[in-house]
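Engineer: This is the structure, below, for whatever I ask next.
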Amino acid sequence: MVFRFLLLLSLFVAHLARSEQATESDQYLQRLTETRNFSLGRPTHVEPTADGKSVIFLRAISAQDRTNALYEFNTVTRETSVLVTPDELLQGATEHLSIEERARRERSRTTAGGITSFNLARDSSQIVFGLNGKIIVLNRGDGRAAQLETGDGQ
């Protein structure tokens, strides 16, 4: 009788150990997925300014958020600052992608949201990017963003 009890007890303990290992494995896989293979938060689309004093780049807002914001790294002071976030420009509204933009992102395998690419002016005074179907020009001097007026695309 004691032998059966010990056998059942050891089987129960082994089951608990396997469950705990599965839970740790599941948590790791969940973190891996949430952080896009631990790459969210790393700089992407990096471009130095014409004078070499700054580097403009995109980065996810946090390690679990797939929304990119525009950042600047000052090579002199070694400080990173946020130039603009999609939330600031959308003023709390959600980003709506057109069918064409969704298809473009799918073709290019872009899984991030927010600002997904940008172009820096030759003199680095302005940054142009798309957001929510609009073309935005950000003036680096005063930090003001303006929407370009465009036609209906026909």
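The values are calculated or read from the model by the stated rules, or taken from the named source; none is laboratory data. All values reported here derive from a predicted model rather than from experimental measurement. Reconstructed Cβ throughout: ideal geometry from the backbone, glycine too, with neighbour counts over all protein chains shown. The accessibility values were calculated without ligands, DNA or RNA, using every heavy atom of the protein model including side chains. Shrake-Rupley method; radii C 1.70, N 1.55, O 1.52, S 1.80 Å.
Engineer: So Thr150 passes all but one of these: (1) in a loop (DSSP other than H, G, I, E, B); (2) touching a strand residue (DSSP E or B) at 6+ places or on another chain (Cβ under 7 Å); (3) within 29 Å of Arg31 (Cβ to Cβ). Which condition number does it fail?
Structural biologist: (3)
Engineer: For residues that are farther than 20 Å from Thr44 by Cβ and touching a residue at least 60 places away in the same chain (Cβ under 8 Å), scanning just the range 135-145, find the one that is surrounded by the fewest Cβ atoms within 10 Å (Cβ to Cβ).
Structural biologist: The extreme case among them is Gly143.
Engineer: Anything in the range 126-142 that is in contact with a strand residue (DSSP E or B) (Cβ under 7 Å, 6 or more places away or on another chain) and more than 22 Å from Arg105 (Cα to Cα)? List them, or say none.
Structural biologist: Across the range 126-142, the qualifying residues are Gln126, Leu138, Asn139, Arg140.
Engineer: Another question, if that's okay. Quickly run through the range 127-154 and pick out the residues that are on the phi < 0 side of the Ramachandran plot and within 22 Å of the chain's Cα centre (by Cα).
Structural biologist: Ile127, Val128, Phe129, Gly130, Leu131, Lys134, Ile135, Ile136, Val137, Leu138, Arg140, Ala145
Engineer: How many of the residues in the range 11-42 are at pLDDT 70 or above, closer than 29 Å to Val128 by Cβ and open to solvent by 70 Å² or more (accessible area, probe 1.4 Å)?
Structural biologist: Final tally of qualifying residues: 1.
Engineer: In the range 104-134, which residue that is over 21 Å from Pro43 (Cβ atoms) and modelled with pLDDT of 90 or more is most open to solvent (accessible area, probe 1.4 Å)?
Structural biologist: Top of the filtered list is Arg122.
One line per residue, one yes/no per condition, for (1) among the hydroxyl-bearing types (Ser, Thr, Tyr); (2) assigned to a helix (DSSP H, G or I); (3) within 24 Å of Val46 (Cβ to Cβ); (4) open to solvent by less than 90 Å² (accessible area, probe 1.4 Å):
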{"site": "Thr67", "(1), (2), (3), (4)": "yes, no, yes, yes"}
{"site": "Val76", "(1), (2), (3), (4)": "no, no, yes, no"}
{"site": "Val82", "(1), (2), (3), (4)": "no, no, yes, yes"}
{"site": "Leu89", "(1), (2), (3), (4)": "no, yes, yes, yes"}
{"site": "Gly92", "(1), (2), (3), (4)": "no, no, no, yes"}
{"site": "Leu97", "(1), (2), (3), (4)": "no, no, no, yes"}
{"site": "Arg102", "(1), (2), (3), (4)": "no, yes, no, no"}
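Engineer: What number of residues within the range 110-131 satisfy the criterion of being closer than 19 Å to Asp142 by Cα and in a loop (DSSP other than H, G, I, E, B)?
Structural biologist: Final tally of qualifying residues: 5.
Engineer: Same structure again: Do you know which of the residues in the range 49-60 that are free of Cβ contacts under 8 Å to residues at least 40 places away in the same chain and part of a strand (DSSP E or B) is least open to solvent (accessible area, probe 1.4 Å)?
Structural biologist: Among those that are free of Cβ contacts under 8 Å to residues at least 40 places away in the same chain and part of a strand (DSSP E or B), it is Phe57.
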